[in-house]
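Shown next, in structure tokens, is the structure this report addresses.
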Amino acid sequence: MSYKTILVHCDAGRTTAGRVAVALSLAERFDAHLVGLHVRQRFEAPMFTDATVALDALYKSYEESVKTEEAAASAAFQGALADKRRSSEWRVIDGYAEDTLTAVARYVDLVVVGQREPEPTPEATPSDLPEKLALHSERPVLVVPHIGAAQPPGRTIMVCWNGLREASRATTGALPLLKAAGRVIVLTIDAEKAGQSDAGRQAGEWLRRHGVKAAVQHDNAVASDVGNVILSRAADSAADLIVMRIYGHSRMREFVLGGASRTLLASMTVPLLIAH
């Protein structure tokens, strides 16, 4: 298994250039085709309007806005690829970001998106896009922090393992990166309490059969939540990528995250590869 097609979401946000740089570095490492996708928000007329003139003005404003956003997104993608001989393509699709990315993701091996930005993001980009993609696309999703990545991810990787299905999916989705890494830490937290005392050892053996340089580390979350323990251990080991399951449940049309997932998505300082 390898990454042969990588999809990167390009909106008009200030963090898009950093996200594209990470996606491009991965495409070059795995000799993958890189797809840049900008989702152009559809025009939605108000239910009630006083006059046709007002509606025309609204549509003109919408057209100007989407053209500006598309130009900014295209500049970030095309600019990164300007002096590269990388197989790539640029796509613009009208629709909603979550639905469009989910549909396109079914034809790629890895999806690269950005962390929720601290400042308001372009209107077409949902703030919970990473977790929704992980839930619905059934593809590994690499989330780039809004502060960017200090170096291309994948030299030292921390795998958060609890023996459950979602952790297995995330780790399997990360195998190309894990096999290429110089160091991999398989972290288990409170494994004995969860009845998974042997899970770390078994995961380490499975990964080593794939040629992964995996070492197992056990820890406990005594006075802190699991998410903060993961962030602390990742910093201690100088990990440049964290692999973990995204856990949560649906409530009405909202995806409610578990505590560790919520903490990491909010406070990540290195890229996060997630799957559900």
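A few comments on the model shown:
- For the chain, taking Cα atoms only, Rg and Dmax work out to 19.9, 69 Å respectively.
- At a probe radius of 1.4 angstrom, the accessible area of the range 58-176 per residue rounds to 49 square angstrom.
- Carbon + sulfur, % of accessible area of the chain - ligands and nucleic acids excluded, 1.4 Å: 50
- Listed cross-link partners LYS84/LYS132; LYS84/LYS179; LYS4/LYS213; LYS4/LYS84; LYS4/LYS132 are compared with a 27 Å cut-off, the Cα-Cα value being larger for LYS84/LYS132.
- Theoretical gain in end-to-end length, SER232 to GLU89 [0.36 nm per residue, Cα-Cα removed]: 47.7 nm
- Accessible surface ranking for GLU205, GLU117, GLU44, 1.4 angstrom probe, highest first: GLU44, GLU205, GLU117.
- For the chain, DSSP calls about 15 percent of its internal beta bridges antiparallel.
- Mean Kyte hydropathy of -1.0 or more with a Cα span along the axis of at least 18 Å, helices from DSSP in the chain: 16-30, 52-81
- You can think of it this way: the chain between SER267 and SER2 has 92.5 nm of extra reach, that is 0.36 nm per residue less the Cα-Cα gap.
The values are calculated or read from the model by the stated rules, or taken from the named source; none is laboratory data. As the structure is a prediction and not an experimental result, all values here were calculated from the model. Each accessible area value is taken on the protein alone, full model and side chains, heavy atoms only, with ligands, DNA and RNA left out. Shrake-Rupley method; radii C 1.70, N 1.55, O 1.52, S 1.80 Å.
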